[in-house]
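These notes concern the structure reproduced below.
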Amino acid sequence: MILLATEDPTRTHSWIWPEGYEIYFGGAASIFVFALLFKLAGPTLKKGMSDRTARIQKQLDDAANAMSSAQAEAIRIREAKGDIGSERARLLAEADTQAQQLLVDGRARLEVEIVDLETKAVADNVAASGRIGDELRAEVARLSIAAVDHVVSGSLDAATHQELIENFIVRVGAGR
Amino acid sequence: MTDQRIDGYARALFEIARAEGTLDTVEDELYRFARALEGSEALRNSLTDEQIPASRRQSIVEDLVGGSASPTTVQLVSMVVGSGRGRDLPAIVDSLVARASSAKNLELAEVRTAVPLTGEQESRLAAALAAATGKSVNLKVVVDPSVIGGVVATIGDTVIDGSVRSRIEQLKSRL
């Protein structure tokens, strides 16, 4: 009691270690708590870890599947790209062929049209020449007739009239 | 005007002229007047215009032919024109002449000349046409300046063309 009474309750035996009984009781309590935790929370924790492992594995599998699909799609796209290239080449070749054919046909048609136009132009020229000639002849004839009409009418005197009438009578009387 | 009405007028004119004893003269004068009417649009318009009173149209006829035609001819033309049938006068006269020719057993011969024929020429021409066609002809002479010269004779469907106009037409065709 004296000893106890002499000790200062506000001071510890060591500046780092607690009191001995605190270590004993504390250690036992810790062991108990850890044992209790191991007993009660261990299965849950273990299951949680297993689930997490399974989830991660599933994610890894999904990623692998996605990668496989992506690789397959990449292959398909590469193939399609190859097809597009060949189709493009085929279309270009076909277009070239058609363009060439169009060019040939167009040249042939133009040549035919040029020949037709030349023929028509020649025919029109001939027709125009003929028409102008006809018109000229008709005009000359008209002027000639007018001149003859004028000259004959002016030159028919009474004696000529009588001579024409007498000639007609004689000719008709003689049996035409 | 219907053919029946034209024939009716022609028959009436024919009977009047025959009753008057001037059929040849009237027929000849009417024929000349009808041809003159056909050739003159102004005269035709004057004698057929319904806006002009009948008396005025009749006085035009009398002024026009009164001095050169027989009174019977003048009266007959005046009657036709006064009755509003001036437009049909050529057809009426043609029918009259056909009727007169038929009555005299003659074939109508229309002769067109640029100048008038003398009586002696008409006789010789009638004889020549009769000789050429084998028919006696009722000669009707029409002075037609468009003939220019010579003679054109039409007997039925036969045309004997000795005119200067036809020669010019032939020359025109050749040209």
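The values are calculated or read from the model by the stated rules, or taken from the named source; none is laboratory data. All of these numbers come straight from a predicted model, not from anything done at the bench. Methodologically, a virtual Cβ is constructed for each residue, glycine included, from the backbone with ideal geometry; neighbour enumeration extends over all protein chains shown. When the accessible area is computed, the model is the full protein with side chains, heavy atoms only, and any ligands, DNA or RNA have been set aside. Shrake-Rupley method; radii C 1.70, N 1.55, O 1.52, S 1.80 Å.
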Per the Cα gyration tensor, the protein assembly as shown corresponds to an equivalent ellipsoid with semi-axes, largest first in Å, of 146, 35, 20
Given unit charges at Cβ for Lys, Arg (+) and Asp, Glu (-), the dipole magnitude of the protein assembly as shown about its Cα centre in debye, nearest 20, is 1040 debye
log10 I(q)/I(0), Debye, Cα-only region A:50-138, no solvent, q = 0.15 Å⁻¹? -0.83
Under the helix-only model (-39500 (n - 2.57) for each DSSP H run of 4 or more, divided by the residues of the protein assembly as shown), the mean residue ellipticity at 222 nm, to 500 deg cm²/dmol, is -26000 deg cm²/dmol
Taking the solvent-accessible surface of protein heavy atoms with a 1.4 Å probe, what is the per residue accessible area of chain B in Å²? 49 Å²
Pull out the extension gain between residue A:60 and residue A:77, defined as 0.36 nm times the separation in residues minus the alpha carbon to alpha carbon distance; nm, one decimal. 3.6 nm
For chain A, what does the accessible surface come to per residue with a 1.4 Å probe? Please give it in Å². 85 Å²
Here, GluC sites (Glu not before Pro) of region A:14-116 satisfying both criteria (DSSP loop; at most 13 other Cβ within 10 Å) are A:19
How long is the gain from residue B:105 to residue B:131 if the chain were fully straight, where each residue apart is worth 0.36 nm and the alpha carbon distance is subtracted? 7.8 nm
On a straight-distance basis, which lysines could pair with residue A:39 in a cross-link, Cα separation under 25 angstrom, same-chain partners fewer than 8 positions away excluded? A:47
Mind ordering B:160-166, A:136-142, B:63-69 by average Cβ neighbours within 10 Å, highest first? B:160-166, B:63-69, A:136-142
Rounded to the nearest 100 Å², what's the accessible area chains A and B bury against each other, both chains counted, probe 1.4 Å? 1900 Å²
On the accessible surface of region A:1-128, probed at 1.4 Å, how many percent belong to carbon and sulfur atoms? 67 percent
Distance in nm between residue A:28 and residue B:55 label points, each 7 Å along Cα→Cβ, equals 17.9 nm
Highest-fluctuation residue, B:120, B:38, B:50 considered, GNM on chain B with Cα pairs under 10 Å: B:120
How long are the semi-axes of the ellipsoid equivalent to region B:3-100, from square roots of 5 times the Cα gyration tensor eigenvalues, in whole Å, largest first? 20, 15, 12
Let's test the formula: R0 of 56 Å, r as the Cβ-Cβ distance of residue A:41 and residue A:13. What FRET efficiency results, to the nearest 0.05? 0.95
Taking every pair of distinct Cα atoms and averaging 1/r, then inverting, what Kirkwood hydrodynamic radius in Å comes out for region B:106-174? 12.3 Å
Buried by partner chains in region B:139-171 (accessible area down by at least 50 Å² vs chain alone, 1.4 Å probe, heavy atoms, protein only) are B:148, B:160, B:168
